[in-house]
Amino acid sequence: MPAGLMVSEVIRHFLARRHNPAMPRILLIDDDEHLAAPLTTYFARFGCTLDSAVRPSEGLAKLREGSYDAAILDVMLPEMDGFALCREIRKDSDIPIVMLTARGEVMDRVVGLELGADDYVPKPFEPRELVARVQTILRRQRSVPAAAVASSQQRVFDGLSIDLDRRQVLRHGERVELTGTEFELLALLAGEPGKVFSRDDILNRLRGHEAELYTRAVDIVVSRLRKKLEPLDCIKTLRNAGYALAVARSEPA
């Protein structure tokens, strides 16, 4: 792309940002200094502002000072790796996180998801794929799965309350902090309690676009969700079938 055209697009992007503060803000934390500029321009084409940091400490400072809608973390970073950075972010925030992993490194994906990442993109990647993954996560944040939509936006069970409008979950009256993916999984199961959702069905419903089937990811998110809902034991595993919400309904207080 000609340098003049790139600068022109960036200027138009920032002017649009001034008139549309609702544009999603994404933070990229990657020590590849040559990656930020083209991605900033590319994300701008799709109505997103991309800020960047090359060091985890700089990225954490930006997250604490600014309001971001999602974060993209590289695994290989100075100071601390992407996994430690993901763990640090999850101490204070449920912001959606996309991990950039080495192609073929399945363990990187598993570890990232176990630590609370919402998705992963293997390197090298096409910018359009990264934008699509981020857009999908942002849509999940703004919407509720169709199966969870009914006449009431409250799902109340014994010991568990799910507010779909406020995206809030209470366990025995205490708020449970969930990531976007964890909340959408719970909302999906709660939309049809007792129904068994296969791993592939869950992946397809939550991703919202055609993607590589990675059933281990579902198991990891379910495990995270179960741990956060303890001592409630409401997500049941049906061997070779999938998962279901198995808890009695109750009336809202």
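Subtract the Cα-Cα distance of A84 and K62 from 0.36 nm times their separation in residues, and report this length gain in nm to one decimal.
Gain in length upon complete extension: 6.2 nm.
For L28, list long-range residues whose amide hydrogen, built 1.01 Å from N in the peptide plane, is under 5 Å from its own amide hydrogen.
Residues meeting the amide H criterion: D51, S52, A53, I72.
Once amide H atoms are built 1.01 Å from N in the peptide plane, which residues 5 or more positions from Y120, or in another chain, come under 5 Å H to H?
Amide H to amide H, under 5 Å and 5 or more residues apart or across chains, Y120 pairs with M99.
Computing the accessible area with a 1.4 Å probe over protein heavy atoms, can you report the carbon and sulfur percentage for segment 15-101?
50 percent
Run the quick spin-label model on E33 and D201: label points 7 Å from Cα toward the beta carbon, then report their separation in nm to one decimal.
It works out to 5.2 nm between the two label points.
Multiplying the sequence separation of M76 and R166 by 0.36 nm and subtracting their Cα-Cα distance, what value in nm do you get?
Taking M76 through R166 to full extension adds about 28.9 nm, to one decimal.
Just the accessible area per residue of segment 50-180, please: how many Å² with a 1.4 Å probe?
Heavy-atom SASA per residue in segment 50-180 reads 45 Å².
Relative to the present Cα-Cα distance, how much length would full extension add between R216 and Q153 at 0.36 nm per residue of separation?
Here the segment from R216 to Q153 would lengthen by 19.7 nm.
The values are calculated or read from the model by the stated rules, or taken from the named source; none is laboratory data. Since we're looking at a predicted model, the values are computed, not measured. Cβ coordinates were reconstructed from backbone atoms using ideal geometry, including for glycine residues, and neighbour counts include every protein chain displayed. We work out accessible area using only protein heavy atoms, side chains counted, and drop any ligands, DNA or RNA first. Shrake-Rupley method; radii C 1.70, N 1.55, O 1.52, S 1.80 Å.
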